[in-house]
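Heads up, the thing below is written out as structure tokens.
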Amino acid sequence: MLDWGKGGERHLMNAIIKEPRRMNPLLRLGVFIAERTMGRTAVPARLLAWSPRTALGAGMLEATAAHRIPGLGRRQLKLARLTASLTANCAFCIDMNAHAHREAGITDREVYALRDGTEAAEPGFSPAERLIIAYARGLSSTPLAVDDDLLAQMTATFDERQLVLLAATVASVNYWARFNQGLGVPPAGFGDHCLLPGRPA
């Protein structure tokens, strides 16, 4: 799933365009807030400044993204985001969504299992979490890999609000994945060690 270069070196894409020299003042404020929140340069936000309307829509999408799902914990939301990032193979998304995984209660071993698609053999995942992982992976795959059986299990396990928020979360990650990949946006530099090549689980 991950895009490694030769010799175990990670292939880091460089953005194919630069940010505009002049930026709408409101967008500049938004970028400032995003960068203060991230603690990193928000390359996607800066590139979006070329199209203020697109930037506004992307900003609204991010502002309304789920930061918690009633009845589910931070760990479950992080699993959905990280699985979608790994499946879409977006270096920026992986870097961002793997960051602070331990604080969310996800072990390095579990992250490796998500990366390698071996979560079925990982005992730490609950049945509900396995469904979330399968759902996020299926929605982020090309072609789509969500069948009627998976949907039936999802509706039997999660309520309507949870389903909407899970679907929206995975869709949001995929939006950013394709945007970042389309413009060659590199990782933000969170440097999460457990996804770097050659590091022990």
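The values are calculated or read from the model by the stated rules, or taken from the named source; none is laboratory data. Being a predicted model, the structure only gives us computed values, none of them experimental. All Cβ positions, glycine included, derive from the backbone under ideal geometry; neighbour counts span all protein chains shown.
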(request) Might you check whether a residue that is surrounded by fewer than 16 Cβ atoms within 10 Å (Cβ to Cβ) and under 15 Å from the mean Cα position of the chain (by Cα) occurs anywhere in region 17-35? (result) no
(message) For region 80-107, give me each residue that is more than 10 Å from residue 136 (Cα to Cα) and among the hydroxyl-bearing types (Ser, Thr, Tyr).
(response) 107
(request) Could you list, in sequence order, all residues of region 42-84 that are surrounded by 14 or more Cβ atoms within 10 Å (Cβ to Cβ), β-branched (Val, Ile, Thr) and closer than 19 Å to residue 96 by Cα? (result) 43, 83
(message) Among (1) at pLDDT 95 or above; (2) part of a helix (DSSP H, G or I), there is one condition residue 146 misses while meeting the rest; what is its number?
(response) (2)
(request) Output the residues belonging to region 85-112 that are more than 28 Å from residue 46 (Cβ to Cβ) and surrounded by 20 or more Cβ atoms within 10 Å (Cβ to Cβ). (result) 106, 110, 111
(request) Find the residue count for region 1-26, including only residues that are modelled with pLDDT under 50, part of a loop (DSSP other than H, G, I, E, B) and within 21 Å of residue 182 (Cα to Cα). (result) 7
